[in-house]
Amino acid sequence: MPTLYVENVPAPVYEALRNRAAANGHSISGEVLALLKRNVPTAEDLARRKALLDRALRLQARRAGASGPTSEEIEREDRLR
């Protein structure tokens, strides 16, 4: 497994990380790894997100095509009566 070293971490960031790690029962290294896993998407994560977005857009397009007239169209019809 690759190793990551981070230098020049500002003291307030390090302190916040240390406090967060203690609160979560992790070492600082474990907390950093948990944060990275939660916040940095992998290629597989991005592919799943894209597939979900594509599906949502297809469903939205289907609903838009199946819906009735818009409020503007209804108002126009009312004015013509």
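Magnitude of the Cβ-charge dipole of the chain, K/R +1 and D/E -1, about the Cα centre, nearest 20 debye?
For this selection, approximately 300 debye.
So what's Rg/Rh here for the range 42-81, counting alpha carbon atoms and using the Kirkwood radius for Rh?
1.40
Percent of Cα-Cα pairs per 5 Å bin, from 0 to the last occupied bin, for the range 1-40, please list those.
All Cα pairs considered, the percentages come to 5, 23, 28, 30, 12, 2.
Based on the Cβ-Cβ distance from ARG48 to LEU17, what FRET efficiency comes out when R0 is 25 Å, to the nearest 0.05?
0.30
Taking 0.36 nm per residue of sequence separation and subtracting the Cα-Cα distance, how much length would be gained by fully extending the chain between LEU80 and GLU7, in nm to one decimal?
On the way: separation 73, 0.36 × 73 = 26.28 nm, distance 7.19 nm.
In short, 19.1 nm is gained.
Can you tell me the FRET efficiency between SER27 and GLN60 if r is taken as the Cβ-Cβ distance and R0 is 41 Å, rounded to the nearest 0.05?
Efficiency, from the Cβ-Cβ distance: 0.40.
Taking Rh as the Kirkwood radius, which is the inverse of the mean 1/r over Cα pairs, what is the Rg/Rh value for the chain?
Numbers: Rg = 25.2 Å, Rh = 17.8 Å.
Rg/Rh: 1.41.
Measure nothing but the geometry: give the 0 to 90° angle between the long axis through the Cα atoms of 71-80 and the longest principal axis through the Cα atoms of the chain, rounded to 10°.
Helix 71-80 sits roughly 20 degrees off the main axis of the chain.
If packing is taken as the average count of other Cβ atoms within 10 Å, what order do 12-22, 71-81 fall into, highest mean first?
Per-residue mean Cβ counts within 10 Å order the peptides as 12-22, 71-81.
Angle check, please: helix 28-39 long axis (alpha carbons) against the longest principal axis of the chain (alpha carbons), in degrees 0 to 90, nearest 10.
10 degrees
What does the helix-only formula give at 222 nm for the chain: each DSSP H stretch with n ≥ 4 adding -39500 (n - 2.57), the total divided by the residues, and the result rounded to the nearest 500 deg cm²/dmol?
Roughly -24000 deg cm²/dmol at 222 nm, from the helical runs in the chain.
Charges on Cβ only, +1 for Lys and Arg, -1 for Asp and Glu, centred on the Cα centroid of the range 42-81; of GLN60, SER71, ALA43, which one is farthest towards the dipole's positive end?
ALA43
Bear in mind these aren't lab numbers, they're just calculated from the coordinates by the rules spelled out. For clarity, every value in this text was computed on a predicted model and none was experimentally measured. Cβ atoms come from the backbone with ideal geometry, glycine included; neighbour counts cover every protein chain shown.
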